[in-house]
Amino acid sequence: ILHINASWGKQLYYWDKDIEWTENEAWIHPLDSVSFYSAYKGMVEHTCKQNPYASICCLTLMQCDSTRYDDSLGTWEELDEQRKLKCQAIREIAQYYGVQLIDTWNQSGVTPYNAPSLYSDWLHPNQYGYRRLAECIYREIK
């Protein structure tokens, strides 16, 4: 399992069998002019090349809990729009590389109405939110 985290433009890392990351090396500073699209595309391409026979899936972001958002990143509407654009980028990249897309934004069952009960904060799911995510992934890969 490979986790690619480039969702905020602040975090970017991937695992390579030939590199042992230290914490300082693994995290790229947000001012490093790497767009979400190019970062995500590069990591999917790298993963596909390094693992040509692997089943690779891309997951969109899930909807979040706006009731706990503290507006330190701007307005909720701006953030939600950015997240939707990132989901669209993930869809395009998955299609481009011919890898499976699991659209957790639309298929996980997480909505603005039930998100407060599925998140421990505005962004990170609690045990019930992760269960919802796992069930969505399971339905799509079985």
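The values are calculated or read from the model by the stated rules, or taken from the named source; none is laboratory data. Remember, it's a predicted structure, so these values are computed and weren't measured experimentally. The accessibility values were calculated without ligands, DNA or RNA, using every heavy atom of the protein model including side chains. Shrake-Rupley method; radii C 1.70, N 1.55, O 1.52, S 1.80 Å.
Report the extension gain between Y96 and D71 in nm, rounded to one decimal, defined as 0.36 nm multiplied by the number of residues separating them, less their alpha carbon distance.
5.6 nm
Can you give the percent of C-alpha pairs in the stretch 41-91 whose distance is more than 14 Å?
62 percent
Would you mind calculating the gained length between S35 and Q88 on full extension (0.36 nm times residue separation, minus the Cα-Cα distance), in nm to one decimal?
Computed gain between S35 and Q88 is 17.7 nm.
Just read off the accessible area of E78 with the full protein assembly in place, 1.4 Å probe, to the nearest 10 Å².
Here the accessible area works out near 100 Å².
If I stretch the segment between I137 and E45 completely, what's the gain in nm (0.36 nm per residue apart, minus their alpha carbon distance), one decimal?
Here the segment from I137 to E45 would lengthen by 31.0 nm.
Bin width 5 Å, alpha-carbon pairs only: give the P(r) of the stretch 64-142 as whole percents, running from 0 to the bin holding the largest distance.
In whole percents, the pair-distance histogram is 3, 15, 21, 23, 20, 12, 6, 1.
Can you grab the distance from the C-alpha centre of the stretch 122-137 to the C-alpha centre of the stretch 31-83, Å, no decimals?
17 Å
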